[in-house]
């Protein structure tokens, strides 16, 4: 989500000087066009999880685990919604302090008091952000992010985690890891926000967070039975391509919705997103073609997602040319991390959550530090050594916090319910052993 606290003030000031006095004094109001746009973006992000991510992941696992993999995304959509209403939203976007929100919006308490008024984010903070949408729309848009982020993590432990363990771990993770990090980066009072981090739509909160968590899950759970010995080729790449296509289109809402308005910034974010996805698709495919003799379908769709991930923090801050460059860089680096280095290190990140999301998020955050165009932000973000330093701090913080907190929650979950299915259940497949169903 665009960190508006440093972008809106210069723009607002310019508008105030340009308008007549009576217009400048007009009270803020809801703009129907902005409401429609953000609601559309919300729907696109929801489609990224179900059916997008569900199909993408299901197509890449073995046939005996297809339904279990899809069930994870589908169930998290419901679970994440409830968690967001109960406490997640309040912890992430309640005014609170620099580290965590408050309890003012637990169970969405108080949201009905100004249901038809424009939402003022961080109303009691030093730098509140005026929007032109009601709070209900903001809640929904951010809810879609809080849903897809833990769903992304499931790709790292595909084929081997207990369903009960997944529910317990990701519930705690959503409230104790995702919500605080979202507050640090996107809430007006968040300490990284105040420091000046540039993260338009979730390079830290979503991508690095999910990627590092996925890596920790893979390390704690250990390799799948038969890893690097048995054939673990994707069951149905047609499903994976369909899912990746939905992710590509849905990502327009994921990135452009961060503007919280239908305007030039949203349009530039969509253009940057398309450029990066295209560049990364080509870069990954060419690298694979050169090194392995053939460009694979799996490689092409993986490259596209890598580009989409990398442009996420930069979408509203960079021009189309740099966006294409970010995509090309991400495609090549993520290919190396997900194939060559992963095999050398021997860790079993089933669907390359760290190699694509974690590494892609790091690439995008650091690239934003150098390539941010001040003309897009009224001079609030300008690429250079200073912004690169802030971005580097945010990357280190996200990696450290996510890694340590996730490890602690995994250890606690293992002691409570056990993390991994039995060897017999894993051999039989999670569809039958966990859900009593299978694909014929």
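The values are calculated or read from the model by the stated rules, or taken from the named source; none is laboratory data. Everything numeric in this text was worked out from a predicted model, so none of it was measured. Ideal geometry is used to build each Cβ from the backbone, glycine not excepted, and the neighbour counts take in all protein chains shown.
Details
- Within the option set 406, 433, being closer than 25 Å to residue 70 by Cα and under 21 Å from the mean Cα position of the chain (by Cα) holds for one residue only, 406.
- Residue count for the range 49-76, restricted to those that are free of Cβ contacts under 8 Å to residues at least 40 places away in the same chain, more than 15 Å from residue 236 (Cα to Cα) and either over 16 Å from the mean Cα position of the chain (by Cα) or crowded, with 24+ Cβ neighbours inside 10 Å (or both): 1
- Selection status of residue 102, free of Cβ contacts under 8 Å to residues at least 24 places away in the same chain, assigned to a loop (DSSP other than H, G, I, E, B) and over 22 Å from the mean Cα position of the chain (by Cα): yes
Results for (1) under 19 Å from residue 299 (Cβ atoms); (2) out of contact with any strand residue (DSSP E or B) (no Cβ under 6 Å at 6 or more places or on another chain); (3) in contact (Cβ under 8 Å) with a residue 12 or more places away in the chain, shown as yes or no for each residue.
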| site | (1), (2), (3) |
| --- | --- |
| 344 | yes, yes, no |
| 351 | yes, yes, yes |
| 357 | yes, yes, yes |
| 365 | no, yes, yes |
| 369 | no, yes, yes |
| 377 | no, yes, yes |
| 380 | no, yes, yes |
| 383 | no, yes, yes |
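- Filtered residues of the range 411-439 (kept if assigned to a helix (DSSP H, G or I) and farther than 27 Å from residue 235 by Cβ): 411, 412, 413, 414, 415, 416
- Positions within the range 77-99 being outside any helix (DSSP H, G or I) and within 22 Å of the chain's Cα centre (by Cα), in sequence order: 94, 98, 99
- Those residues of the range 405-440 which are free of Cβ contacts under 8 Å to residues at least 40 places away in the same chain, over 18 Å from residue 61 (Cβ atoms) and either surrounded by 13 or more Cβ atoms within 10 Å (Cβ to Cβ) or in contact with a helix residue (DSSP H, G or I) (Cβ under 7 Å, 6 or more places away or on another chain) (or both), in sequence order: 408
- Residue tally, condition surrounded by 21 or more Cβ atoms within 10 Å (Cβ to Cβ) and out of contact with any helix residue (DSSP H, G or I) (no Cβ under 6 Å at 6 or more places or on another chain), over the range 385-404: 0
- Single match in 270, 216 (criterion: surrounded by fewer than 21 Cβ atoms within 10 Å (Cβ to Cβ), touching a residue at least 12 places away in the same chain (Cβ under 8 Å), touching a helix residue (DSSP H, G or I) at 6+ places or on another chain (Cβ under 7 Å) and in a helix (DSSP H, G or I)): 270
- A residue that is part of a helix (DSSP H, G or I) and more than 18 Å from residue 47 (Cβ to Cβ) occurs nowhere in the range 242-256.
- Test: residue in the range 223-235 that is modelled with pLDDT under 95 and more than 22 Å from residue 344 (Cα to Cα): yes
- Yes/no for residue 415 being at pLDDT 95 or above and within 19 Å of residue 68 (Cβ to Cβ): no
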